[in-house]
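Taking it in order: structure first as structure tokens, then the write-up.
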Amino acid sequence: MSAEAILVLEDGRVFRGESYGAVGETFGEAVFTTGMTGYQETLTDPSYHRQVVVQTAPHIGNTGVNDEDDESDRIWVAGYVVRDPARTPSNWRSTEDLGTRLERSGVVGISGVDTRALTRHLRERGAMRVGVSSVERDPQALLARVLEQPQMTGADLSAEVTTPEAYTVDAIGEHRFTVAALDLGIKRNVPRRLAARGVTTHVLPATSTLGDLLSVGADAVFFSPGPGDPATADHAVMLAQEVMKRSLPLFGICFGSQILGRALGFGTYKLGYGHRGINQPVMDRSTGKVEVTSHNHGFAVDAPLDGVADTGFGRVEVSHVCLNDNVVEGLRALDVPAFTVQYHPEAAAGPHDADYLFDRFVELVERPGQVRKQLINGGK
């Protein structure tokens, strides 16, 4: 029988349930994600480092876990909150049930929680610090420890999730181009999507210099997703500026988008409760197409939604926008070969509406001037 567990938010709200995964105690930022599938990819996404993830879908664990779908070499979430975990997984690819995987990985979780009420609370009050414990029975004692935890604002986490050593993912089939990817918390599916397009990707540590990027013979540079506050990432911002000064094609996703935003002179800010899930509507302004997209970001770029902004690297415009709340979801430089999106075209297990952005990146490497002209003219 599972041990009793409690969840205490920093504003004093208490939820009770049962231990799920490892017995113990954990702290982090409470965030919710709306995906009904893809929980294994969520758990192993480095962008969730130091976050306690609340699943809004009531049934989690139905398909178990397997040895193929991890987005990194470990589970990164600080804790896990679910309503009704599956008793027995049912899927031909499953090698283990989710609860056992969490326990084996030392991830403290809680089940039996009214995740609908918890999600509503976070939507109204915002993402906040939280503690989950299956060893502490006193909510006030746990609350005192919650209030001792660091805030996500001001957190510099890239060094905690980046690869310690460079590695290479080879192109599939004929090699076409070489990309240097700065690992700020990269997921495995990024180099896989590039490899499928004939791109060899050299994944480099977050501390890499411009010389390191150029030494691999890079035709283009990629700035990866990752956790933390982009306001702390001064080294990555300066590196992005050096890349743009040399007119190397540059593509950034999520945290990488925020880095490029700062490099162009825009500010960043923390969202109330963030965008996390696999059902967010985003409009690509160059085509007018609305995409169903995967998100995982608690910060955003503060750039003007309308018109073209003048920056130290020329003209820049907002290329994508979230239709739920008008948050900037992409930037496009018009005078240097650089663009970003705030969401995840590499999304596994989906959706895949935005996969074309990797084609756009390859085309930018192949025909930088022509592609920029097409984008400026609405994709024609």
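Taking the criterion of being under 16 Å from PRO345 (Cβ atoms) and in a loop (DSSP other than H, G, I, E, B), the only residue of the stretch 254-271 that qualifies is CYS254. The residue that is surrounded by the most Cβ atoms within 10 Å (Cβ to Cβ), among those in the stretch 145-158 that are closer than 17 Å to ALA233 by Cα and not charged (D, E, K, R), is SER158. For the stretch 94-114, taking the residues that are among the polar types (S, T, N, Q) and within 27 Å of GLU346 (Cβ to Cβ), the one that is surrounded by the fewest Cβ atoms within 10 Å (Cβ to Cβ) is identified as THR95. Taking the stretch 232-247 as the range and being within 18 Å of VAL316 (Cβ to Cβ) and not in a helix (DSSP H, G or I) as the test, the residues that pass are ARG246, SER247. Of the candidates ASP70, ASP45, the single residue that is surrounded by fewer than 24 Cβ atoms within 10 Å (Cβ to Cβ) and either among the aromatic types (Phe, Trp, Tyr) or within 18 Å of the chain's Cα centre (by Cα) (or both) is ASP70.
Let's see how each residue does on (1) among the charged types (D, E, K, R); (2) modelled with pLDDT of 95 or more:
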| residue | (1), (2) |
| --- | --- |
| ASP11 | yes, yes |
| THR34 | no, no |
| VAL53 | no, yes |
| THR56 | no, yes |
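Can you spot a residue in the stretch 329-338 that is part of a strand (DSSP E or B) and open to solvent by 10 Å² or more (accessible area, probe 1.4 Å)? Within the stretch 329-338, one or more residues are part of a strand (DSSP E or B) and open to solvent by 10 Å² or more (accessible area, probe 1.4 Å).
Of all the residues in the stretch 77-93, those that are closer than 17 Å to GLY277 by Cβ and crowded, with 22+ Cβ neighbours inside 10 Å number 4.
Filtering the stretch 173-187 to residues that are in a strand (DSSP E or B) and crowded, with 24+ Cβ neighbours inside 10 Å leaves VAL179, ALA180, ALA181, LEU182.
The single residue among TYR39, TYR20 that is surrounded by 22 or more Cβ atoms within 10 Å (Cβ to Cβ), in contact with a Ser or Thr (Cβ under 6 Å, 6 or more places away or on another chain) and aromatic (Phe, Trp, Tyr) turns out to be TYR20. When we screen VAL318, VAL290 for residues that are touching a Leu at 6+ places or on another chain (Cβ under 7 Å), buried (at least 18 other Cβ atoms within 10 Å of the Cβ) and among the β-branched types (Val, Ile, Thr), the only hit is VAL318. Residues in the stretch 63-83 that are in contact with a strand residue (DSSP E or B) (Cβ under 9 Å, 6 or more places away or on another chain) and farther than 28 Å from MET152 by Cα: 4 in all. For the stretch 243-259, the count of residues that are surrounded by fewer than 17 Cβ atoms within 10 Å (Cβ to Cβ) and within 30 Å of PHE32 (Cβ to Cβ) is zero. Set side by side, the residues VAL169, VAL161, VAL203, VAL190 differ, and just one is buried (at least 16 other Cβ atoms within 10 Å of the Cβ), within 25 Å of SER294 (Cβ to Cβ) and free of Cβ contacts under 8 Å to residues at least 40 places away in the same chain, which is VAL169.
Just one of the numbered conditions (1) under 24 Å from the mean Cα position of the chain (by Cα); (2) open to solvent by less than 10 Å² (accessible area, probe 1.4 Å); (3) over 28 Å from LEU210 (Cα atoms) is not true of LEU142: (1).
Based on this model, can you work out whether ASP306 counts as more than 28 Å from ASP156 (Cβ to Cβ), among the charged types (D, E, K, R) and open to solvent by less than 40 Å² (accessible area, probe 1.4 Å)? Criteria not met by ASP306. Condition check for PHE223 on (1) open to solvent by 30 Å² or more (accessible area, probe 1.4 Å); (2) within 29 Å of GLN51 (Cβ to Cβ): one failure, at (1).
The values are calculated or read from the model by the stated rules, or taken from the named source; none is laboratory data. No experiment lies behind these values; they were computed from the predicted model shown. Heads up, the Cβs are rebuilt from the backbone with ideal geometry, glycines too, and the neighbour counts pull from every protein chain shown. Heads up: the accessible areas ignore ligands, DNA and RNA and are worked out on the full protein's heavy atoms, side chains in. Shrake-Rupley method; radii C 1.70, N 1.55, O 1.52, S 1.80 Å.
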